[in-house]
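These notes concern the structure reproduced below.
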Amino acid sequence: LSGLPEEMLYGSIVLTLLSFVPDIDAIEIQIGEELLRALDVQGEERKFENALIRREYFANMISTIIPLYIPDDNGGARIDFFISPHCCSQSMTTVMDTLVSSLNACGKRWGCTGSISEADLLGIRIESGIATVNLSANLYRYAQQLNEKQEQQFIYTIVNTLCAFPETYAVRILIEGVAVDVFSNNIYLGTELLPNEGLESQTIQAEVDS
């Protein structure tokens, strides 16, 4: 286990024992002759009262498997998997970077001119279960080339993926910090968007990105 960060080493022991062994509420970890009483966990010092280590001290290290919707050529989306740590806003940014790259590739297949990149994602914030995504004017101009079906794929691959995070049930999309009426054809952006459950058109792929 040389080179493994202490928080991962001790966190895996604590989470495994306290998640799967019944009737254990806390454990002690002894290193040499000393009990472990404090540990740096994700940049924050955690002190263990009476040297008792409980599951909640490491709960924010548990990852979540998020379905990542990728546009296909049939008007729907296939689903890959993304393993998300519990830091939701950081994970959403990583997911959105992947989606924007995929949407740019789709745009080329659809005959769109120009390109979009991760730089067109200006920010994401989460508040009261709503993920607000701020996109660039360049991405908005690019989207004006989309037909109705492509517009639906473009928007709902974003909405469906972000709503798969347990902290989120809806998505609001802004352009340069401003709400616009319509994305490119018919999708109204003046309110929060809910997932489109009919978007999936292919079998889930068992690909996991870490």
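Taking all protein chains into account, the per residue accessible area for the chain stands at 53 Å² (1.4 Å probe). Take the convex hull of the alpha carbons in the chain; its mean projected area over all directions comes to 14.7 nm².
Which value in Å is the Kirkwood Rh of the range 7-51 over different Cα pairs?
Numbers: mean 1/r = 0.0878 Å⁻¹.
After inverting the pairwise mean of 1/r, the radius is 11.4 Å.
Here the chain exposes an accessible surface that is 48 percent carbon and sulfur, computed with a 1.4 Å probe and the other protein chains kept in place.
Against the main long axis of the alpha-carbon atoms of the chain, helix 88-109 sits at an angle near 30°.
When both bridge partners sit in the chain, DSSP labels roughly 75% of those beta bridges antiparallel. For helix 6-20, report the angle its Cα long axis makes with the longest principal axis of the Cα atoms of the chain; keep it between 0 and 90° and round to the nearest 10°. So the helix axis and the longest Cα principal axis differ by about 90 degrees.
The values are calculated or read from the model by the stated rules, or taken from the named source; none is laboratory data. Predicted model, so just to flag it, every value in this text is computed and none were measured. Protein only, heavy atoms only, side chains kept; ligands, DNA and RNA dropped before computing areas. Shrake-Rupley method; radii C 1.70, N 1.55, O 1.52, S 1.80 Å.
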